[in-house]
Amino acid sequence: MMSSIVRRVTVSIAVAAALTGVAACSGSDSDEGGRGDVKGSAGDREGSGEARTRANPIAALRSVEKSTDGADSAKVESTTTMGTMMSMKADGALGWADGLTGNLTITYTGGTMADQMRQLGTTSMEARYLPDAYYAKMGDKFAEQSGGKHWIKYDYDDLAKLAGGSGAYMKDQMQNTTPNQSVKLLLASGDVEKVGEEKVRGENTTHYSGTVDVADLAGKNSALSADQLADLKSQLQQAGVTTETIDIWVNDENLLVKKAEKGELATGSMSSTAYYSDYGVQVSAEEPAADDTADFKDLVQSRPTS
């Protein structure tokens with residue numbers, strides 16, 4: 001039997017690690033989301049006239065969506081805060097040519113998640129993302145209570161059953177993912193403006209900003225059924241999630257180099273910032289050894305000790 005703290009952390013990581021992957025590199029393909037043939041150019045961005053000025057950001061973002069999606073992989077650095085639940089940072093490389101793959105080192109820096117992880121002797125873990133599941137490597141203290149196994153396997157089908165509509169949405173996003181969900185959301189909302197030219201880590205970029213309705217756009221960027229989508233919207237409302245502000249920075253090659261998302265939860269502010277570099281980097285992730293891996297479903301169903 002395992003302690004209740006191990007069970008709580010097992011469930012929390014199911015959400016946290018998945019959200020980290022989704023936040024760092026997320027979005028399901030949507031042909032309506034901007035895979036059009038219109039491309040923004042430097043000349044377009046300098047266009048005159050109100051109608052042309054309003055159209056320019058959309059045309060430019062369609063090109064960004066296509067270029068970033070086609071790059072297949074990148075190095076990623078991100079920070080995420082979700083109210084009092086957690087704050088964390090992640091670093092690694094992810095690919096999205098055929099579902100989300102890659103490796104991230106995730107460090108919990110605050111919130112209840114960091115407190116729970118400290119009780120297991122660590123605040124950092126390795127996450128491996130594969131097309132059908134992701135794996136979280138825990139510390140030795142966890143292994144002492146899980147039959148000597150250091151890894152937890154989270155099958156996406158099991159995650160879909162974990163939390164109703166939000167679990168189904170998480171599965172959808174993890175299996176159909178590119179790093180430019182934020183671009184697609186802005187395109188789908190139609191509420192986007194060009195802020196200006198800015199430097200990001202020494203690189204010339206164009207800054208775009210907009211506001212999206214989270215529940216409405218979740219339906220436009222996923223393959224959820226009507227019942228799953230209704231459940232997701234209900235859960236978002238209960239969590240206090242309504243609108244989200246998205247800012248993106250794009251380089252001269254029409255590649256996303258930074259994104260920032262901000263919103264409000266019932267438990268406080270939600271924010272995520274990610275930086276992308278080294279597009280096309282080689283990414284590989286291997287399934288951990290079976291004899292060193294515990295299954296999430298089995299851990300949750302096991303009887304806890306006090």
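Key figures
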read-out: Single unsatisfied condition, D140 versus (1) more than 15 Å from D295 (Cα to Cα); (2) open to solvent by 40 Å² or more (accessible area, probe 1.4 Å); (3) modelled with pLDDT of 90 or more; value: (3)
read-out: Residues of segment 186-210 satisfying the condition of being of a type in the set (A, V, I, L, M) and surrounded by 18 or more Cβ atoms within 10 Å (Cβ to Cβ); value: L186, L187, A188, V192
read-out: Residues located in segment 281-297, provided they are under 19 Å from the mean Cα position of the chain (by Cα) and of a type in the set (G, A, S); value: S284, A285
read-out: Scope segment 71-95; condition out of contact with any helix residue (DSSP H, G or I) (no Cβ under 6 Å at 6 or more places or on another chain), of a type in the set (G, A, S) and over 16 Å from S277 (Cα atoms); matching residues; value: G83
read-out: Tally, over segment 93-128, of residues that are open to solvent by 20 Å² or more (accessible area, probe 1.4 Å), of a type outside the set (S, T, Y) and within 23 Å of Y156 (Cα to Cα); value: 6
read-out: Residues located in segment 61-81, provided they are under 13 Å from the mean Cα position of the chain (by Cα) and of a type outside the set (D, E); value: V76, S78, T79, T80, T81
read-out: Subset of segment 240-268 (residues that are of a type outside the set (V, I, T), more than 26 Å from A74 (Cα to Cα) and either at pLDDT 95 or above or under 18 Å from the mean Cα position of the chain (by Cα) (or both)); value: E264, L265
read-out: Members of segment 106-142 found to be assigned to a strand (DSSP E or B) and of a type in the set (A, V, I, L, M, F, W, C), listed by number; value: I106, M125, A127, A133, A136
read-out: Selection from segment 100-127 of residues that are free of Cβ contacts under 8 Å to residues at least 12 places away in the same chain and under 14 Å from M85 (Cα atoms); value: D115
read-out: T81 being of a type in the set (V, I, T) and modelled with pLDDT of 90 or more; value: no
read-out: Residue within segment 41-58 that is modelled with pLDDT of 85 or more and over 28 Å from F296 (Cα atoms) present; value: yes
read-out: Output for segment 75-99, where each listed residue is acidic (D, E) and in contact (Cβ under 8 Å) with a residue 40 or more places away in the chain; value: E77
read-out: Condition check for T177: surrounded by 20 or more Cβ atoms within 10 Å (Cβ to Cβ), at pLDDT below 85 and out of contact with any helix residue (DSSP H, G or I) (no Cβ under 6 Å at 6 or more places or on another chain); value: yes
read-out: Per-region count, segment 143-153, residues more than 15 Å from A285 (Cα to Cα) and either of a type outside the set (A, V, I, L, M) or open to solvent by 60 Å² or more (accessible area, probe 1.4 Å) (or both); value: 7
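The values are calculated or read from the model by the stated rules, or taken from the named source; none is laboratory data. Note that the structure is predicted; figures quoted are calculated from it, not measured. Every residue, glycine among them, receives a Cβ derived from its backbone with ideal geometry; neighbour counts consider all protein chains shown. Accessible surface areas use protein heavy atoms only, side chains included; no ligands, DNA or RNA. Shrake-Rupley method; radii C 1.70, N 1.55, O 1.52, S 1.80 Å.
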